[in-house]
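Q: The structure is given below, and queries will be raised subsequently.
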Amino acid sequence: MTVAGFLTTRITALGAAVLAATRAGVELWLVYVSTIAGIVRGFSRKNRRNRGELARQLHAVGNKSLVFIIVTLGFIGMVMTYQACLQLGRVTGDYSQVGSQFLRLIVSDFGPTLTGLMLATRVGAGIAAEIGSMKVTEQIDALRMSGVLPIDHLIVPRFVACVVMTLALSVIGSLVMYGAGGLTAQYSFGVNPHTFYDLSFIRPRHVVLMVVKALAYGAAIPIVAGFCGLRARGSSEGVGWATTAAVIGGSFAVIVLDFIISAAALFVTGGDL
């Protein structure tokens, strides 16, 4: 192959990749816009079926993820506190700031972000698998033929449930994480609980940042997972691809949103976060 032919092939492949990424981005945005429009339509009319589906999704996202979030964030809190106290013991031996700084990190970052990552794996995979299975078995086409908008029926209830439950689980997970860290510091390093559970460094802006991140993650996970499920093709192999893409895309969305929101918060507060 000549150099010109090689360059032509590479440029063609790059152009195809860019076009595919652009098309996927546009489709993802359209899913988001259609979901918001579906929520508005849901508020404008009474629909008992959608309320029942919403209650089912709230249970599926929140109740069924509760133990997973508690166990995961509890152990992470224990490990982080143990390592922090271990390093401080080797350097200064002063544990007076461990609890307050740890709580500050939990509220402003670790609590909602770790919860979002856990939900991206569990909830995102489930949403993509369910919608992807409906797509490859032509159930979504049947919904359209019946006059039902698939996004209103499939994504809107999951979107609302994820937004509400991500915030609730972030609060619960943060409390468990902080409590587990306090017990680890107390029984492993003899840190006084009154010293560890110090709330003096928490400001309203930290709580606001936590709420914003939790809501953003809760909105991103079902949109990405639903988008991947709607793009499923073929048979079971397509559903597997959609599930994998939903986990990767949801986790990546959480990380990117974490960076963007944190950077915006630093800019708004003038670096005093």
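Q: Report whether or not T9 is β-branched (V, I, T), touching a residue at least 24 places away in the same chain (Cβ under 8 Å), closer than 30 Å to A245 by Cα and in a helix (DSSP H, G or I). First the steps, then the outcome.
A: Working: β-branched (V, I, T): yes; touching a residue at least 24 places away in the same chain (Cβ under 8 Å): no; closer than 30 Å to A245 by Cα: yes; in a helix (DSSP H, G or I): yes.
So T9 does not fit the description; no.
Q: Right, something else. Could you give me the residue pairs with C-beta distances under 9 Å whose first residue belongs to the stretch 28-39 and is touching a residue at least 24 places away in the same chain (Cβ under 8 Å), whose second residue is surrounded by 17 or more Cβ atoms within 10 Å (Cβ to Cβ) and not in a helix (DSSP H, G or I) wherever it lies, and which are 6+ apart or on separate chains?
A: Here the result reads none, with nothing in the stretch 28-39 linked to a residue that is surrounded by 17 or more Cβ atoms within 10 Å (Cβ to Cβ) and not in a helix (DSSP H, G or I).
Q: How many residues, within the stretch 143-154, are in contact (Cβ under 8 Å) with a residue 12 or more places away in the chain and either β-branched (V, I, T) or part of a helix (DSSP H, G or I) (or both)?
A: Narrowing the stretch 143-154 to residues in contact (Cβ under 8 Å) with a residue 12 or more places away in the chain: 149-154.
Those still in the list that are either β-branched (V, I, T) or part of a helix (DSSP H, G or I) (or both) too: 150-154.
So the count comes out to 5.
Q: Determine which member of the set V136, V107 is closer than 18 Å to T243 by Cα, touching a helix residue (DSSP H, G or I) at 6+ places or on another chain (Cβ under 6 Å) and not small (G, A, S).
A: Numbers: V107 fails: closer than 18 Å to T243 by Cα.
Every option except V136 fails the conditions.
Q: Just name the residue that is surrounded by the most Cβ atoms within 10 Å (Cβ to Cβ) out of those in the stretch 168-182 that are in contact with a Ser or Thr (Cβ under 8 Å, 6 or more places away or on another chain) and of a type in the set (A, V, I, L, M).
A: Result: L169.
Q: Determine whether Y32 is over 22 Å from L119 (Cβ atoms) and surrounded by 12 or more Cβ atoms within 10 Å (Cβ to Cβ).
A: no
Q: Only one of these is without any contact (Cβ under 8 Å) to a residue 60 or more places away in the chain and of a type in the set (A, V, I, L, M, F, W, C): V79, V107. Name it. Step through it out loud before you land on a result.
A: Numbers: V107 fails: without any contact (Cβ under 8 Å) to a residue 60 or more places away in the chain.
Only one candidate qualifies: V79.
Q: For A185, all conditions in the list (1) surrounded by fewer than 24 Cβ atoms within 10 Å (Cβ to Cβ); (2) touching a residue at least 60 places away in the same chain (Cβ under 8 Å); (3) assigned to a helix (DSSP H, G or I) hold save one; what is the number of the exception?
A: (1)
Q: Which of the residues belonging to the stretch 61-71 are touching a residue at least 60 places away in the same chain (Cβ under 8 Å), under 25 Å from G226 (Cβ atoms) and surrounded by fewer than 19 Cβ atoms within 10 Å (Cβ to Cβ)? So that I can check it myself, show each step before the final result.
A: Narrowing the stretch 61-71 to residues touching a residue at least 60 places away in the same chain (Cβ under 8 Å): 61-62, 65-66, 69-70.
Filter once more, keeping what is under 25 Å from G226 (Cβ atoms): 61-62, 65-66, 69.
The one that is touching a residue at least 60 places away in the same chain (Cβ under 8 Å), under 25 Å from G226 (Cβ atoms) and surrounded by fewer than 19 Cβ atoms within 10 Å (Cβ to Cβ): L66.
Q: Give me the residue from the stretch 87-104 that is of a type in the set (A, V, I, L, M) and in contact (Cβ under 8 Å) with a residue 40 or more places away in the chain and, out of that set, nearest to F252 (Cα to Cα). Before the answer, list the steps.
A: Quick first cut of the stretch 87-104, residues of a type in the set (A, V, I, L, M) only: 88, 91, 98, 103.
Narrowing the set further to residues that are in contact (Cβ under 8 Å) with a residue 40 or more places away in the chain leaves 98, 103.
Numbers: V98: 30, L103: 25 Å.
By that ranking, first place goes to L103.
Q: Sort out which residues of the stretch 213-245 are more than 24 Å from S174 (Cβ to Cβ), of a type in the set (V, I, T) and touching a Cys at 6+ places or on another chain (Cβ under 8 Å), and write them in order of number.
A: T243
Read the figures in this text as sums done on the coordinates, not as results from a lab. Remember, predicted model here, so these are calculated numbers, not experimental data. Note: ideal-geometry Cβ built from the backbone for every residue, glycine included; neighbour counts use all protein chains shown.
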